[in-house]
Structures are given as C-alpha cells and as structure tokens.
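Structure record follows, encoded as structure tokens.
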Protein chains: 2
Amino acid sequence: MSLYPSLEDMKVDQMGKVQAQMVNEAIRASQQAQALPASAPPTHDPYAPPPYPLHPPQTQTQPKSGLELLYPALDEYMGLEFTQDIIAANMPEYLPVAQRPPGTMGVAVGASSVMPSGVVAPISGSSPGLLRGQVTNAIREVTLCKDGDGKVGMRVKAINKGVFVCLVKKNSPAAMAGLRFGDQVLQVNGQTVASYSMEKVHDMLRKSPPNGIQLAVRDRPFERAVTLHKDSTGHIGFQFRDGEITALVKDSSAARNGLLTDHHLLEVNGQNVVGLKDKDISALISECGQVVTVTVMPTFVYKHMMKHMASSLVKFMDHSIPDL
Amino acid sequence: MSLYPSLEDMKVDQMGKVQAQMVNEAIRASQQAQALPASAPPTHDPYAPPPYPLHPPQTQTQPKSGLELLYPALDEYMGLEFTQDIIAANMPEYLPVAQRPPGTMGVAVGASSVMPSGVVAPISGSSPGLLRGQVTNAIREVTLCKDGDGKVGMRVKAINKGVFVCLVKKNSPAAMAGLRFGDQVLQVNGQTVASYSMEKVHDMLRKSPPNGIQLAVRDRPFERAVTLHKDSTGHIGFQFRDGEITALVKDSSAARNGLLTDHHLLEVNGQNVVGLKDKDISALISECGQVVTVTVMPTFVYKHMMKHMASSLVKFMDHSIPDL
C-alpha cells in the first residue's frame, strides 16, 4: 500500500501505473503479431515505468520479513508464489528499481519523489516546503545559549500538563536553534517539566547558565501539515480571517485534500506566519510555487496558546525560513 | 540532528555516542603510550560504535545534495572541510556504517533501530507497536465491498467540513480494508466529500455498487502516537477514566515523553480500544512488552465523534490487531 502527501500525488501515481501497464500490454501484443521467436525471454520486454520508484523499497521489505516468519509460503496453498522471478516474468513494473531487467528503457529516477518516510510524492516530492513543513511529532535535543541581554528568546505556555513554545523571537538563540511555535518542551537541562507552570519554566530558563542549555523537545504535537496544489488560476481553495480557516472552496485542492475549518494557519511551506496580517500570508502563498504545504492547528488550542500574549511581543515573532 | 520516538531512545543513543567516543580516546591514548610507528594510518583505529547507525544516511544525504549546490565549499573560507576522508581520519564514529574502515570492531547493525522515517530508535525500534501505532497523516486508497447484508460496516461523522470514520464494525469489509477510528474520508468513488453531512456520505455508501467502492482516506488527522517505556514495576505512568487521560505520575515515562491530559486513549500498540472498559484497556497495556505506543486524540474531538452514537453500536467496534 502506497502513502501519499496529497490526493493529487495519488492520482498521478495511479495514472503512471496504469500507463506503464498499458504500454507493456501494447508492446507484448505487437511482439506477438510480429511472431518473434518464442525463446526470447519475456523478462526483457522494454516498458515505460513512471519516472519514480513505484513502491518504496524500505516499507516493502520491512513488513515482508516479519510476515515470512509468521506464515508459510503461498505456494503450498494455491500453487502460486510472488517470488522475484515470477514478478519479473509477469509484471516487471512492480520490481524494485535496482532489480529491473537491464534491457528496459532507461528512465531517470528522481530520489525526491519518495520521501524519507516512504511516502510516494511524484509531483510534490521536489517541493522544499513539503520537507520544511513536515510534522514528525518526534523528539529531538536542542542546545540553547543566552544572548547579550541574558535571554534565550522564547516564551512557553502550559496546556494539559504539557509545556508548549508559544513565542520564538526573531534572531534569538531559540530561533537559531530551530525551535518553533507549538513545539512541546519535555525537559530543561535534564529536568522533566511535565505539569510545570509557565512561570516555573521561564524561571528555570532565567536561572540557567549562559551556555549549553539543553532542551528535550517534541515536534509540534497539536499540528499537522497539509500539502495543496494550486489550480490554473493559482488558487489552493480556502478563505481565512485573522489566520483562521473559515471556508473551503468547492472542488478545490483544499477540499480534495481534507483541509478543515476551525483551524489556524501556522506555517506556509514551513515558514511561521503566526502574527502576520492576512494580506501578508496571502502574499506568501502566492509567492510559493505550484505546491504549497500549510501547517495547521485546531483553533481552540491556538487561542489558548495566544491568550494573554501582548501584541508588543507578537510583533517580535520569528518568521524566518527554516533550514532543511 | 537525530529524531527519536521517545525520550528514553534519545538518552540511550546519546550514551552510546559518548561511550564510542571514550573508547576511541582510550585506545588512542594506549597506542601512543606503546609508541606505535607514526606511519600507521590513524583511520584504522579499532573502536566500538553503538550497535545501530548513528545518523540515518537518508536524512543526512538529502539536505547535503541541496546545500552543495547552493553554497561553496567550507574549505575556501576556513581551511577546513568535512569531507569523508577528514571525517574518517578524525571522527570515524560519524561515518555511515558502510564506509567505516575495515579494521574496525564488528558490531551487528540492527535494521529495526532506524525507522523508515529516519527516526533513531535504539530501544523501541524492535517493538511492533511502534510501527502499528504510527500516525502518518498521509493519504492512501482503500477498496471496500459490501457484506452479505449489503453493508460496508462503517459510520462517519462530519467535523469542521471534514468527514471522519467514527465506527468500524468488527469483521466487516471496512475492518478488513484497514480503516480505523479517526480516519478522514476525502473521496468516495472519486467524488470529494468535503462539507458533506454524515447522512449524505452514508447514503453514497448505501447506493454504491457491492464491489470496488474506492475511498481516498487521510490517516487519522486529529491523532498522534506517544511511545512509552515501562518502569521496573511495569508502569508507564498515567491514570485514565472512561478512556480519558486524567493525570500523569511524576517522573514516569508518560511525564517524560509529554503525554497530555484531556486526551482520550484510542489505540494501544495500534490496536483500537475505543469502547473498551478501563480494566480491559489496563489488561491490554500490562500484556504489552516493555515498550507501549499509545495513540491519543484531544477529548473535545473525541466527544464530538462519539456524540449520539448508540451504545448498541459501540459494542460492535473492531478491536483487532492491525496488520503490519
């Protein structure tokens, strides 16, 4: 089973597979019409695979090794076995790229079309925003220092016994360390901060040494990224007011890909847009290429995170483009 | 930068790296004490790398190829370049496994310790629950049929203009196709269902042909998975009532890994527990091994999804263990 970042990627991948199959059948039919010698090995049929690996080999091999241990071979039951040889003879387009017969048509394989997570992305794979906006929910370690004023440049908020980053100041040590709005702080200098108040964590950061402040951080638990494709008029298909998604356009990419209302726009191609004016966000989106990845968060969580935050603070928010 | 599924994985990985470094330094010091010939190539120092790849090669190579295009070599500015040769001579523990010098200590490399997404998991990597519970938010295609009663065995709920699976009946076609509680339905037979009501989608499914019903599905947008480790007494460290997480135990794995209250438990190691009694969920958790991956959803979304659902329906909920 293939996974895709957007519905458009899925449709393109499916069309590619069908095309490869049709070309194969046409070539076979023409070869039979020309009455080629039957001894010619059928595995060397030229065919046109789509210009990206059809099945990510990582995800395919891992479950198989587990299943092979659990179940006996299919051959014993039905006299049919999907070995590499049988697949090569009958459906070469399903072979991993490296194992395809050497006589096949040479097609450039774009490494970027299969994402690190095994997601197949024939059209959005080359978009840097897809990688920049990816929400992994995984844990990483971040090392902070203090700036000349003795500040790390971040503020946190306590939600549901967790501590969340609600402000990263531009050009601050926190911004340079790659902290983002919505990141969950798990530990400060090895001390677990679960159920701590905002004030207590701010106090811990204040009392930290000027260098080597270690944070354990979980990547944005309340957020997720949605990849959209512009239509021929350059629209991705949703309306927003004060950063909140209020309506979807019928038959747009936003509707197809399941963007939801009552969510706040936090990032465009991984770039933080919290605190930006709506027209600045629109300008950012129109400057993007054909593929736009937006990161969203339910509005009720967003409102909680921004509650009581002075607008004088919001205007210092970091809006830089994250490193890949 | 390495990513980890749990804080425990991060600590073990960091300890492994420090150990490898210390062993290297000790070996170098002893070699200098023995006054080895200076011509011996320093790259062949034996050392003890941790038994898993230190840096997932996928994530390391992909950004580099982009950066090499953008920036000139570091050598021109500072006379220092992190080429493979210099890394091999000075810090062999940072080399990709395949490129380590042949004279190094042979250590088994567990493929399972680096997850498909490039996440490093020295202790939870071998847990099948980590893979089963993984929430990708990606899009996949699902083909359904109807059972003998003409039913596909699922119910949906409309939330924020999206359509979500709120019931998968056990042994139904929907369960066998791998649909899960919380999956978002994007299309039914190619028709986008954004902003459709629950009744309209149920009607579309009813009027579908008995075979080949195509759904485009986004993997559980409101959910996320948290991987926890049992302590010596077998506890992972949270209390729950009616499936809702109500409190965290201080200094437990749940607190360390940032589990949140006001969230509902939906899956344990990928197995659906919605509608199960608390004591049955506790029994499931205690039957798990050392590593437990729980899938959670904010309570306000959960309550909306379960609103007006008859308890006579809930008891038909699918609780099977998903395929890997």
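Residues checked against (1) farther than 23 Å from B:LEU7 by Cβ; (2) open to solvent by less than 10 Å² (accessible area, probe 1.4 Å); (3) more than 10 Å from chain A (Cβ to nearest Cβ):
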{"position": "B:VAL201", "(1), (2), (3)": "yes, yes, yes"}
{"position": "B:LYS207", "(1), (2), (3)": "yes, no, yes"}
{"position": "B:LYS250", "(1), (2), (3)": "no, no, no"}
{"position": "B:LEU260", "(1), (2), (3)": "no, yes, no"}
{"position": "B:GLU267", "(1), (2), (3)": "no, yes, yes"}
{"position": "B:LYS277", "(1), (2), (3)": "yes, no, yes"}
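Residues being within 21 Å of the chain's Cα centre (by Cα) and either over 17 Å from B:ASP242 (Cβ atoms) or among the β-branched types (Val, Ile, Thr) (or both): count how many of those fall in region B:279-321. Total meeting the criteria: 15. Taking region A:279-298 as the range and being away from every other protein chain (no Cβ under 14 Å) and over 11 Å from A:THR227 (Cα atoms) as the test, the residues that pass are A:LYS279, A:ASP280, A:ILE281, A:SER282, A:ALA283, A:LEU284, A:ILE285, A:SER286, A:GLU287, A:CYS288, A:GLY289.
Answer yes or no: is there a residue in region A:187-208 that is outside the structural domain of A:PRO322 (by TED's automatic domain parsing), assigned to a strand (DSSP E or B) and among the aliphatic types (A, V, I, L, M).
Yes, there is a match, as at least one residue in region A:187-208 is outside the structural domain of A:PRO322 (by TED's automatic domain parsing), assigned to a strand (DSSP E or B) and among the aliphatic types (A, V, I, L, M).
Restricting the search to region A:154-180, which residues are more than 13 Å from B:LEU259 (Cα to Cα), in contact with a strand residue (DSSP E or B) (Cβ under 8 Å, 6 or more places away or on another chain), open to solvent by 10 Å² or more (accessible area, probe 1.4 Å) and not in a strand (DSSP E or B)? Residues satisfying the conditions are A:LYS170, A:PRO173, A:ALA175, A:ALA177, A:GLY178, A:ARG180. When A:SER232, A:SER197 are checked against the criterion of being over 17 Å from A:THR143 (Cβ atoms), polar (S, T, N, Q) and modelled with pLDDT of 95 or more, A:SER197 stands alone in meeting it.
Go through region B:279-296 and report how many residues are crowded, with 17+ Cβ neighbours inside 10 Å and not in a helix (DSSP H, G or I). Number satisfying all stated conditions: 7.
Among the residues of region B:273-290, just one is touching a Leu at 6+ places or on another chain (Cβ under 7 Å) and touching a residue at least 60 places away in the same chain (Cβ under 8 Å), namely B:VAL274.
When B:VAL185 is tested against the conditions (1) crowded, with 21+ Cβ neighbours inside 10 Å; (2) within 14 Å of chain A (Cβ to nearest Cβ); (3) within 30 Å of B:SER252 (Cα to Cα), the lone failure is (3). With respect to being within 14 Å of another protein chain (Cβ to nearest Cβ), surrounded by fewer than 22 Cβ atoms within 10 Å (Cβ to Cβ) and part of a helix (DSSP H, G or I), B:ARG140 falls outside the description.
Within this structure, B:ALA194 fails the test of being open to solvent by less than 30 Å² (accessible area, probe 1.4 Å), closer than 30 Å to B:LYS11 by Cα and either in contact with a helix residue (DSSP H, G or I) (Cβ under 7 Å, 6 or more places away or on another chain) or within 14 Å of chain A (Cβ to nearest Cβ) (or both).
Rundown of residues vs (1) surrounded by fewer than 12 Cβ atoms within 10 Å (Cβ to Cβ); (2) at pLDDT 85 or above; (3) not small (Gly, Ala, Ser), yes/no style:
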position	(1), (2), (3)
A:LYS11	no, no, yes
A:VAL18	yes, yes, yes
A:ILE27	no, yes, yes
A:GLN31	no, no, yes
A:ALA35	yes, no, no
A:ALA40	yes, no, no
A:PRO46	no, no, yes
A:PRO51	no, no, yes
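Among the residues making up region A:1-25, a single one is in contact with a Leu (Cβ under 7 Å, 6 or more places away or on another chain), of a type outside the set (D, E, K, R) and in a helix (DSSP H, G or I): A:LEU7.
Cβ-Cβ contacts under 6 Å between residues 6 or more apart (or on different chains), taken from a first residue in region A:298-324 that is closer than 20 Å to A:HIS263 by Cα to a second residue that is open to solvent by less than 100 Å² (accessible area, probe 1.4 Å) and among the basic types (Lys, Arg), are listed as A:MET305/A:LYS157. Pairs linking a residue in region B:246-268 that is within 16 Å of A:ARG220 (Cα to Cα) and in the same structural domain as B:SER6 (by TED's automatic domain parsing) to a residue that is among the aromatic types (Phe, Trp, Tyr) and surrounded by fewer than 20 Cβ atoms within 10 Å (Cβ to Cβ), with Cβ atoms under 7 Å and 6 or more positions apart or on different chains, do not occur.
The values are calculated or read from the model by the stated rules, or taken from the named source; none is laboratory data. Computed from a predicted structure; not experimentally measured. In this analysis, Cβ positions are derived from the backbone assuming ideal geometry, glycine residues included, and neighbour counts consider all displayed protein chains. Protein only, heavy atoms only, side chains kept; ligands, DNA and RNA dropped before computing areas. Shrake-Rupley method; radii C 1.70, N 1.55, O 1.52, S 1.80 Å.
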